[in-house]
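One structure below.
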Amino acid sequence: MSTHSPQTALKEELICYHCGDVCKENKAVKDDKAFCCEGCKLVYEILEENKLCSYYSIEPGGGNSPKAEAFQGKFSYLDDEKVASRLIHFSSPSQNHITFFVPGIHCSSCIWLLEHLQKIDSGILSSSVNFPKREVTIVYKPDEIKLSRIAEISSMIGYEPHISLNDLENENSKKIDRSLWYKIGVAGFCFGNIMMLSFPEYFSIGDVDEQPGLRLTFSLLNLGLAIPVLVYSASDFFKSALGALRVRQLNIDLPVAAAILMTFIRSVYELAAGIGPGYFDSMAGIVFFMLIGRAFQSKTYKTLSFDRDYKSYFPVAVSVVKKEGEDRLPVTSLKRGMRMIIRNAEIIPADSILLSESAKIDYSFVTGESIPIEKKLGDLIYAGGRQIGKRIELEIVKPVKQSYLTALWNKPAFNKDDAFEQQASLENRINKYFTISVFIISILAASFWLYKGDSERLINSVTTILIVACPCILLLAASFTQGNVLRILGKNGFFLRNAFVIENLSKADTIVFDKTGTLTTGGSQQVKFTGTISEAEEKEIASICLHSNHPLSRSIAEMYINEKVNEISNFKEISGKGIKAEVNSHEYLIGSSDFAGLGNLDSNLNKTRVYVSKNSKALGYFQMSHSLRSGMEEVLKKLKGNRELYLLSGDNEGDKEMMSQWFKDDHMLFNQKPEQKLEFIKKLKDEGRNVIMVGDGLNDAGALQQSDSGIAVSDNLNNFSPACEAIIDGKLLSSLNTLLDYCKDSKRVIAWSFALSTVYNVVGLYFAVQGELQPVIAAILMPTASITIVSFATITSSLLAKSKKL
């Protein structure tokens, strides 16, 4: 149990050990520690019992104070199935997922405690906090713990969830945090009035010098207006700074908090000593303008995030049922009540009711568990599941939430490296060393002006150095450039997993292409059957191929698009081999010659063939002839000029001669199984290459996962896969070179932004160390610089995209 808190001796414990409030006469005591109420004592007992008292070493006295008696039975309504179904966004026999909005989350210790709920009750599997949204997502075992109990646990440790069922009907109207704007309003009001009351002092209006009582009155009014700015508007700066110091860290808010406090103390001293009216206007101005800068950053970031999450949907399409037949619609057009068809290995994009007799759903994308779950007619199937087996029909009950799919895509399990951790580490290092440098410069400047005997310049220089020097604009340069690049690429049908993919794409020196469905499309294939086949068998084969999303299967199915579909059973698709299924008690094998039981007939052929056998008897084969996608000749020529190109195909060498214009002979590999593709990518990476794999999101999942950057090509298809880093609309694949060049050029924008940020810091510090910069001017310059950097990064990256006709 931690003893880092200073309140360890009872006689000193006038401050609550848990929440930091002053203990009154009826204080509670436990283990020689004082608590302001029984609620705080209860939280301490819960944490102690579950060995979580290291919480107090993160932020002593920083807990939320609950009322112990208030939660018994308060959340019993959550155990009603109808109510729970509106809150739970994923449910299976082994685990449920729910997200609570918790307004009380305010610091790192809150995050730490809420992410260790599983230690309080074993029925909770995991919990994760989204700090900007004040949300905690909890995964729990429904057979071991009730939802009401989870809400009670969260409340008893000081984090009561805000649950409003009405909010669920309109997500865009809830959880709007206006606290920043309230703080700006208070700071702006006080700053304006302090300035007005200071005008006589500034311009020697009237007889202020001859009426000390009037001067004192104005000064006291300024002090009264400055206090709410210090206590309320500037509170976030102090909380952040103190939180960092408690864990022995330095952050970017520490210099700002020090400057605000120094200016206030200096002003109070001058007022008390009768030296002058102080600098309350400067202190209020520092807070006001710093908050405006943060509001601008937040607003811009939210705009970029909104555009990415709601205006630039994944270039993925889903089959929907209409009166005139089957049609394909982009996920952005899916609405509640629509019926959609999901084929083998396709992701279900929205919560839906199963209309087919049965389904096998793989929820590994959501839960990490790969064992398929059996579903029956009428069951609810959650977004993010993947159908295994024959195609199913579903009715959408909730609209598509791309933000939810994006969150699943960015789960740590699907990230290939520790990019997030590396970025956080980089930011921490920048914050730490920059802050140390700022304090060193402040000390040196203070020492110089102390030696010179100029206290006025000493205080001015130290205060303005702490304000004007800011590492955050260095970080803004990268984050806002990358955010805008993601938005622009998304609007152009090239959707990236996250900002770290931009870096990998820009560094790539090798691109590996799949052939079928990537360089060629299903629609460009001419299909001809050779052999003996009846009309009934044609329908049966087409019925089987309709359940597959493979490009060759789609081409065969399209030959009989108007035929009535037969019911099939025992459908199984083996990647890189073929399909096995039964129709009308007949067993069909459709795929390679070896898979169909006909021996290895493909190795010496120069045509792509799909063989068919029925009840172990050969019926013949479908022969395909391919043509490249429109515009691919030009893009392959451009890519060949500055990158190594490879071709990996599961087909035979039928198109080798056509492909030899762009690929060297030893750079083309045919008859490749999925595991062979994966090994080849691994080999290239072992040679030190940065590899992009461009292929089918379903059939090339292993190779996409193994590459540095996997790009799944979507031709009006539902092939969204967690294995890839990017999805590109097939119609835009001919622009791949331009898109990759844009990612590479965006690094120049970041470099320019960094240079501009550095110039600002150097020039600002030059004037600040001389003591010639007034604190209020420094306070104006700091957010102005932030706004300038954000605007420059956003506008420049947009102009760069426009120059490339994106």
* **Lone qualifier among Ser803, Ser757 - being among the hydroxyl-bearing types (Ser, Thr, Tyr) and either in contact with a Leu (Cβ under 6 Å, 6 or more places away or on another chain) or within 19 Å of Ile292 (Cα to Cα) (or both)** => Ser757
* Taking Ile459 as the residue in question, decide whether it is in contact with a helix residue (DSSP H, G or I) (Cβ under 7 Å, 6 or more places away or on another chain), part of a helix (DSSP H, G or I) and closer than 17 Å to Gln774 by Cβ. => yes
* What helices (runs of 4 or more DSSP H) completely inside segment 626-687 contain at least 2 residues that are over 26 Å from Lys507 (Cα atoms)? -> 656-659
* Asked: So which residues in segment 130-144 are open to solvent by less than 30 Å² (accessible area, probe 1.4 Å) and closer than 13 Å to Ile88 by Cβ, if there are any at all?
  -> Ile138, Val139, Tyr140
* Asked: For Tyr232, are the conditions met, namely being within 27 Å of Gly185 (Cβ to Cβ) and modelled with pLDDT of 85 or more?
  -> yes
* Out of all the residues in segment 111-166, which are of a type in the set (Gly, Ala, Ser), modelled with pLDDT of 85 or more and assigned to a helix (DSSP H, G or I)? -> Ser148, Ala151
* Structure fact -> Of the residues in segment 346-382, those that are β-branched (Val, Ile, Thr) and open to solvent by 60 Å² or more (accessible area, probe 1.4 Å) come to Ile371
* Asked: Taking segment 167-199 as the search range and keeping residues that are outside any helix (DSSP H, G or I) and among the charged types (D, E, K, R), which one is modelled with the highest pLDDT?
  -> Arg178
* For segment 77-110, enumerate the residues that are assigned to a helix (DSSP H, G or I) and either at pLDDT 85 or above or open to solvent by 10 Å² or more (accessible area, probe 1.4 Å) (or both). => Tyr77, Leu78, Asp79, Glu81, Lys82, Val83, Ala84, Ser85, Arg86, Leu87, Ser108
* Might you check whether a residue that is closer than 30 Å to Ile692 by Cβ, open to solvent by 60 Å² or more (accessible area, probe 1.4 Å) and in a helix (DSSP H, G or I) occurs anywhere in segment 750-768? => yes
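The values are calculated or read from the model by the stated rules, or taken from the named source; none is laboratory data. In this text, all values refer to a predicted model and were calculated from it rather than measured experimentally. Glycine gets a Cβ as well: all are built from the backbone with ideal geometry, and neighbour counts include every protein chain shown. The protein model used for the area step is the full one, side chains on, heavy atoms only, and it has no ligands, DNA or RNA in it. Shrake-Rupley method; radii C 1.70, N 1.55, O 1.52, S 1.80 Å.
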